[in-house]
Amino acid sequence: MPEHIQVSDSEIYIEGWALSLWNQPEQTRLLINGQDIDKIEWPIESPDIATHFDTLPNTKAARFRCRHTLEKGKSPYLNGFIRFNVTGPYGEHRLSYRTAWFFCDPDREFAVPSPAQRERVIGTDHLEFFKIGGATIVNRIQLLLQERFDRTFSNFNSILDWGCGAGRLTRYLPFFTSSITAVDIDPDNIRGCKESIPGVDFLQTELHPPTPFGNASFDLVIGLSVLTHLREPVQNAWLAELQRIVCPGGLVLLSIQGMAQSALYRTPIERCLAVRSEGILYVGNNSQLDQVIDAPDYYVDVIHSHDYVMTKWGNYFDVLEIVEAIAGNQDLVVMRRR
C-alpha cells in the first residue's frame with residue numbers, strides 16, 4: 001500500500017508497505033507504468049505492520065522506499081495517472097489492474113475537501129489516502145468495465161455516483177466522461193463538491209427513497225460503501241429504488257466489506273463466522289455522520305456474506321460477479337438490471 005508519493009522533473013519517489021504472502025520478498029517486483037523501478041529499499045523493518053498483521057508471514061520487514069528515474073521531457077502520467085503495482089516474478093498480466101494503485105497528476109487535481117469532510121468519508125483526514133484511494137478505485141472500475149464488458153465510462157450515457165460523500169471518486173470521473181450525476185445525504189459535502197468539482201450535477205438526497213429521478217434514468221450506478229452503512233429494510237428500499245432508476249441492461253456496482261477488509265480491520269473470527277451464518281450482520285451504530293444528519297440510528301456498520309448478496313440482491317438485479325478487494329479494500333458487487 002503506497003502511503004506517500006513525490007514526483008519531480010527527474011524522478012518518482014514512493015514510500016509504503018507490501019506483504020508478499022506467496023512469493024518471497026526477493027521474488028517480488030515493484031513497477032511504475034509496467035516498468036521495474038530503478039532503486040528499491042525493501043524490505044525495511046516494520047514493527048507497526050507486524051503488530052497489526054501478527055498472523056501473516058513477512059510482516060516484520062514489509063516497508064519500502066523506492067525511486068524511479070524519469071525520461072527527460074516525458075510525462076509519467078498516462079491519461080492523467082501514474083500506475084504503481086507490486087507483483088510476483090512474472091510481472092503484470094490482464095487482471096493486474098485489480099491490485100494496481102493510481103496517482104493523479106497534481107496539475108489536474110480539483111480543490112480538495114476539508115479534513116472534516118474527508119474524515120466523514122474514509123474515517124481519517126489523511127489527504128494522500130483520500131486522493132490515492134479515489135484515483136485508484138475509479139481507474140480499477142474503468143479497467144474492470146473494459147475487461148468484463150468491453151466498455152469504458154465513456155460508453156455510458158448517464159452515470160450516477162450514489163453516495164458520493166466528499167467526491168472521492170467523483171473528482172476523477174471527469175477524466176473519462178462528462179455524463180455524471182452525484183448524490184449524497186450529507187449536505188455539507190454536497191455543498192463542497194458543488195464548489196470544487198465542475199461539470200458534475202450534484203444533488204442532496206433524503207435518507208430514504210424516492211429520489212427525484214425518473215424511471216430508467218441511468219445506465220451505470222456506482223455506490224461505494226453505502227449499503228455497508230444501512231440496516232436491511234433501508235437497504236432493500238434503496239435496492240428497489242436503484243432498480244427503478246436504472247435502465248434495463250444497465251450496470252450497478254455496489255461495494256461490501258469482504259475478507260480483505262475484515263483482515264485489515266482485524267475483525268474477530270467469531271464475527272466472521274457470524275456473517276457466514278447470518279448472511280447480514282449489524283455490527284453497531286456509526287457516528288461519522290452525526291454532525292450533518294439528525295438521525296443517530298440511521299448510519300450503521302453492516303457486513304454481508306457473498307451468499308446473502310448473491311441471493312437477496314438477486315431479487316432486484318442479476319448478480320454477475322463479486323470482485324474481491326478491488327474497491328478501497330472492499331469487494332465490488334457487479335450487477336445488471338434485468
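Coordinate-derived values only; no laboratory data. This one's a predicted model, so the numbers in the text were calculated from it and none came from an experiment. Don't worry about glycine lacking a Cβ; one is built from the backbone with ideal geometry, like all the others, and counts go over all protein chains shown.
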* What FRET efficiency do you get for Asn286 and Arg65 if R0 is 45 Å and r is their Cβ-Cβ distance, rounded to the nearest 0.05? -> 0.80
* In which sequence would His4, His126 go, from the one with the fewest C-beta neighbours within 10 Å to the one with the most? -> His4, His126
* Label the range 149-214 by shape, choosing from rounded, prolate and oblate, from the square roots a ≥ b ≥ c of the eigenvalues of the Cα gyration tensor; if a/c is under 1.5 it is rounded, and otherwise prolate applies when a/b is larger than b/c, oblate when it is not. => oblate
* Structure fact -> The ³J(HN,Hα) series, computed from each phi in the range 49-66 with the Karplus coefficients 6.51, -1.76 and 1.60 at θ = phi - 60°, rounded to the nearest Hz and given as x for glycine or proline, is 5, 4, 5, 6, 10, 6, 9, 9, x, 6, 8, 6, 9, 10, 7, 9, 10, 9
* Using 7 Å Cα-to-Cβ label points, what is the Ala116/Asn236 separation (nm, one decimal)? -> 3.7
* Asked: Taking the simple approach of a point 7 Å from Cα along Cα-to-Cβ for both Arg276 and Leu56, what is their distance in nm?
  -> 2.0
* How big is the convex hull of the Cα atoms of the range 132-243, per residue, in Å³? -> 108
* Positive-end extreme of charge dipole, the range 191-311 - chosen from Gln204, Leu264, Gln288 (charges on Cβ) -> Leu264
* What list of ³J(HN,Hα) couplings, whole Hz, do you get for the range 241-253 from phi and the Karplus terms 6.51, -1.76, 1.60, once you set θ to phi - 60° and write x for glycine and proline? -> 5, 4, 4, 5, 8, 9, 6, x, x, x, 9, 10, 10
* Residues in the range 227-252 near a label at Thr311, defined as backbone nitrogen under 20 Å from the 7 Å Cα→Cβ point? -> 228, 231-237, 239-240
* **Rounded to whole Hz, the Karplus (6.51, -1.76, 1.60) HN-Hα couplings of the range 129-137, x for glycine and proline** => 4, 4, 6, 5, x, x, 4, 5, 4
* Can you pull a Stokes-Einstein diffusion coefficient for the range 2-108 at 20 °C (1.002 mPa s), Rh from Kirkwood over Cα pairs, as a whole number of µm²/s? => 147
* Structure fact -> Mean 1/r over distinct Cα pairs of the range 115-336, inverted to a Kirkwood Rh in Å, yields 17.6
